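**Q** After the structure tokens below, expect a handful of questions from me.
Derivation of every value follows stated rules applied to the coordinates shown; laboratory data play no part. Just so we're clear, the structure is a prediction, and the values are computed from it rather than from any experiment. Cβ: placed from backbone, ideal geometry, glycine included. Neighbour counts: every protein chain shown.
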Amino acid sequence: MDAVWPETAVDDSNLNVQIAALRRVLDQGRTDGSCIQTVPGRGYRFVAPVKRGSSEAGLPLPDKPSIAVLPFANLSGDPEQEYFADGMVEEIITALSRIRWLFVIARNSSFTYKGQMVDVKQVGRELGVRYVLEGSVRKAGSLLRITAQLIDASTGTHLWADRFDGSPEEVFKLQDEVASGVAGVIEPALQAAETARSASRPTAQLTAYDLYLRALTQSLSFEKERVTRALELLAQAIERDPCYGPALALAAHCYKAFEVMNWTDDPEEVRLTSVNLARQALRFGPDEPDVLAFSAFTLGYFGEDINVAIGLIDRCLALNPSSARGWHWSGLLRIFAGQPDLALEHLGIYLRLNPRDRLASYLNGIGEAYFFSRQFDEAAANLLASLERSPGFPITYRVLASCYAHMGRLDDARQIIARLRAITPVILESAMRYRNPELRELFLSGLRLAVSETK
């Protein structure tokens, strides 16, 4: 039953029909009766000779990235850790299953390899997956150490590896932290691997998904040429599939960049285009976490109902609590909503999920949150660090100039405004993304003071 009908209920009412269907397939070419014999009063017996074969081809890969999480090895010699390791793998499988664009093999299939020395290439063939996650658990004194590594099953190449430490006294908390941490890091690692794989494919064979991946890497830049290239790729993706929500949402995000970076002479047209694309994306992908994240931030930035934008990002995080991108933009939306303390909390979760990828916009967000909390020293430090990574981002200059003005550091404020003038003629702005009037005036009053000092 497990081999023929995995994870499927076959009851007595249709068993005869299914056996008849199997006979039609398996008895083709046989001359000595059916290979499935009826045993009166007992059931059925398979009587054909059976031998183990091998197939290098294996199961076909799904049409989207696929992964199997193998049981983690218990290296502690402590039987109690076996239950912890198994439970943690189940939590990881659950966390990865929330990534809608990822095909995750069910626990029952991946746990058939428990206690075995396995070849990940063979696992990939037998389960029909492109990636395999494996790991181990070891008790070291009063700590548990968990290691995990992501492997490309087609080549055996290691794509990512890390370790996590925690107390065995807080088993469930540790399981949750490891599961969310692994899922949060694996999502961008798999996207990077898929993008590299897509880059080697002939242009004529590119799908809407391939084009989306290529555009994603370009869109995360603050360079006009790269964002323009991203929009060209997304236009091709939308032409292939006009209802592809992720491409529509990413296109909305890219158009928004033209307003943020002051690359357009018609910001109102950019705003309308971006908002319309975000709404289309939500219509076609209402349950896609990335669609919700991109669209929520776009709508929130352009002054649409902030409660609607926050509701969208909250739904994104409910669907995929390990979405580092979702927590990042949730933090920025809380700044727009006038909740800097909550913004710092959400940006902290982003950093925990994605500790090696400190985007310039993350540091800018931290700086803005500290600024609106009137912690000007911490704000200035983070804003300066953001400018080191992205010296072309105008918002950071404006917030930092305002920050220096409120600190009484007018010479520094003047220098920042001079640097801002070198990259854009747009110095003052409406700042309508900041919904709280008091906080918006805090920003604008400092910026006006910094600008007046330069005249």
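**Q** Where does the range 365-406 land on Rg/Rh, using Cα atoms and the Kirkwood Rh?
**A** Here Rg/Rh amounts to 0.92.
**Q** For ALA73, list long-range residues whose amide hydrogen, built 1.01 Å from N in the peptide plane, is under 5 Å from its own amide hydrogen.
**A** HN-HN under 5 Å from ALA73: GLY135, SER136, VAL137.
**Q** Normalised radius of gyration for the range 66-193, please: alpha carbon Rg relative to 2.2 N^0.38 Å, two decimal places.
**A** Cα-based Rg divided by the globular estimate yields 0.99.
**Q** Another question, then. Hey, how much of the P(r) for the range 380-445 falls beyond 19 Å, as a percent of Cα pairs?
**A** 30 percent
**Q** Shifting gears a bit: Ranking request for peptides 64-74, 436-446: highest mean number of other beta-carbon atoms within 10 Å first, then the rest in descending order. Numbers along the way, then the final one.
**A** Details: 64-74: 21.8, 436-446: 16.1.
The densest-packed peptide leads the list: 64-74, 436-446.
**Q** Volume per residue, Å³, of the convex hull around the alpha-carbon atoms of the range 272-322?
**A** 58 Å³
**Q** Another one. Which order do the peptides 251-262, 267-278 come out in when sorted by mean C-beta neighbours inside 10 angstrom, highest first?
**A** So the order, starting with the most tightly packed, is 251-262, 267-278.
**Q** Now for a different question. Going by average Cβ neighbours within 10 Å, how do the peptides 337-344, 27-34, 128-135 rank, with the highest at the top?
**A** Highest to lowest by the protection proxy: 128-135, 337-344, 27-34.
**Q** Rounded, prolate or oblate: which fits the range 159-315, taking a ≥ b ≥ c as square roots of the Cα gyration tensor eigenvalues, rounded meaning a/c under 1.5, else prolate when a/b beats b/c?
**A** Judged from the Cα gyration tensor, the range 159-315 comes out oblate (a/c at least 1.5, b/c at or above a/b).
**Q** Find the Cα radius of gyration of the range 154-194, compare it with 2.2 N^0.38 Å by division, and give the number to two decimals.
**A** 1.43
**Q** Considering only the chain, what is the antiparallel percent among its DSSP beta bridges, to the nearest 5?
**A** 75 percent
**Q** For ALA431, what residues show an amide H to amide H distance below 5 Å, using hydrogens built from the backbone and excluding near sequence neighbours?
**A** Sorted by chain and number, the residues that satisfy this come to none at all.
**Q** A follow-up question, please. Once each part is reduced to its C-alpha centroid, what is the distance from the range 260-287 to the range 109-163 in angstrom?
**A** Centre-to-centre distance over Cα atoms comes out at 41 Å.
**Q** Using a cut-off of 13 Å between beta-carbons, work out the net charge of the residues near GLY300 (Lys and Arg +1, Asp and Glu -1, GLY300 not included).
**A** Net local charge, GLY300 excluded: +2.
**Q** Find the Cα radius of gyration of the range 330-455, compare it with 2.2 N^0.38 Å by division, and give the number to two decimals. List each step's numbers first, then the result.
**A** Details: Rg = 13.7 Å, N = 126, 2.2 N^0.38 = 13.8 Å.
Taking N as the residue count of the range 330-455, the ratio is 0.99.
**Q** Multiplying the sequence separation of ASP63 and ALA381 by 0.36 nm and subtracting their Cα-Cα distance, what value in nm do you get?
**A** That pair, ASP63 and ALA381, stretches by 109.9 nm at full extension.
**Q** What list of ³J(HN,Hα) values in whole Hz, one per residue of the range 245-257 in order, does the Karplus curve 6.51 cos²θ - 1.76 cosθ + 1.60 (θ = phi - 60°) give from phi, with Gly and Pro shown as x?
**A** Listing the rounded values in order: x, x, 5, 5, 5, 5, 5, 4, 5, 5, 4, 4, 4 Hz.
**Q** Could you name the aspartates and glutamates whose alpha carbon sits less than 18 Å from that of LYS173, not counting residues in the same chain fewer than 8 places away?
**A** In chain and number order, the partners are GLU80, GLU82, ASP86, GLU90, GLU91, ASP165.
**Q** Using θ = phi - 60° and the Karplus relation 6.51 cos²θ - 1.76 cosθ + 1.60, list the HN-Hα couplings for the range 265-276 in order, rounded to whole Hz, with x at every Gly or Pro.
**A** 8, 10, x, 5, 5, 4, 4, 4, 4, 5, 5, 5
**Q** I would also like to ask the following. With θ taken as phi - 60° and the coefficients 6.51, -1.76 and 1.60, list the Karplus ³J(HN,Hα) couplings across the range 160-167 in order, rounded to whole Hz; mark glycine and proline as x.
**A** Listing the rounded values in order: 6, 8, 7, 9, 9, 10, x, 8 Hz.
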